[in-house]
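Everything below concerns the one structure shown next.
The values are calculated or read from the model by the stated rules, or taken from the named source; none is laboratory data. Everything quoted here is computed from the prediction, not taken from an experiment. All Cβ positions, glycine included, derive from the backbone under ideal geometry; neighbour counts span all protein chains shown.
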Amino acid sequence: MNLGMSTGTIYLTGLTVGKQYEARLYHRCWAAGTDRSTRLIFDPDGAGPIADAITFNPDAVTKNDNYLGYRYLAASNALAVTIQSLKIDKYHLYGLSNEESYDTLGSPVTLDIADSSVLDGAITGLGGLVKVGAGVFTVTGNSTAIGPVAVTAGAFGVAGGGCATRGSVAVSAGATLFGNGLVGGDVSVASNAWLMAGTATNAARFRSKETSLSRRAHVSRGGTMSPHPTPSSLPTCSPSRPTARYRQPH
C-alpha cells in the first residue's frame, strides 16, 4: 500500500472491549537517505480521550522487514490508525496485522531502536519498559506510567517540559538519560553512564560514577538535576498499556 495522499485512516473492527491487542504495521526502507517522515496516530476509543502517536522515518532504518507495533486495551469495537505523510515521499505499508496479546499487563515492554524516534504522546499503564538498541527515544507528552524503566543502551529522555515516566529509571553503563522535563521516580545511574540536560544531540553532559537520585528528578536545559519531594498521590493510570514500540528483527 502506497499512501498517495497526505492523510489516510485504517479501521480495525470486530474488537472485544476489555481485551488486549497488538497491531503491527510492516514496512521497509524504500530509498536509503530519503526523508519519508510519517506520523501514526492510534485511537482505541473512538471519540474518547485516548490517542497515541509516533513520528518516524522508515527510510532511516537500514535493515528491511521492520514493523511498528502498538499494544493497547480495546475501549471500543474498533481501532483507528491514521497515517499522515509529512513529506513529499509517501509512506509505504507492506502488511498489517492485529492479534490478541496474552502478555500480562505487568510484564515489561522491550523498546529496540537503532535510530532516533519521537513519541508525540505519553507512556501509560502499569508495566515496565526496557530501552535497548543504540537509537534515541524521546517522549514529548506527560506520561503517567509507573512501571520501572531500564535504559540499557542508547538514549532515553523527554522533551518540551513533559514527563518521561512516573516510575523509577535505571541507566546502565554506556547508556544515556536526557531531557528537558520530568522523571517522576527514583533515578539510578551506573558508573560510566550519562546524564544530559537538553536534547540528546545538544546538551550538557555529565558522566556518572554510580549516582542515585531519590524521589523525583527534574532535568532542566540549564544543566541541573535536582530531586523534588514525592507527591502524596500519583495521577490515575489506565490499567491498559498503550505503548508505541519500534522494533528491528535481529
Completion exercise
Within segment 79-97, residues being assigned to a strand (DSSP E or B) and either over 20 Å from residue 124 (Cβ atoms) or touching a Lys or Arg at 6+ places or on another chain (Cβ under 6 Å) (or both) number 7
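Touching a Pro at 6+ places or on another chain (Cβ under 9 Å), within 17 Å of residue 112 (Cα to Cα) and either of a type in the set (Phe, Trp, Tyr) or at pLDDT below 85 (or both) - does that describe any residue in segment 48-61?
No; the residues of segment 48-61 include none that is touching a Pro at 6+ places or on another chain (Cβ under 9 Å), within 17 Å of residue 112 (Cα to Cα) and either of a type in the set (Phe, Trp, Tyr) or at pLDDT below 85 (or both).
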Problem - Answer from 53, 122 - the residue that is in a strand (DSSP E or B), among the small types (Gly, Ala, Ser) and touching a Gly at 6+ places or on another chain (Cβ under 9 Å) - result: 53
Fill in the blank from the handout: Checking 147, 162, 157 in turn, the sole residue that is buried (at least 22 other Cβ atoms within 10 Å of the Cβ) and more than 12 Å from the chain's Cα centre (by Cα) turns out to be 147
Fill in the blank from the handout: The residue from 110, 124, 55 that alone is among the hydroxyl-bearing types (Ser, Thr, Tyr), within 21 Å of residue 20 (Cβ to Cβ) and surrounded by fewer than 21 Cβ atoms within 10 Å (Cβ to Cβ) is 110
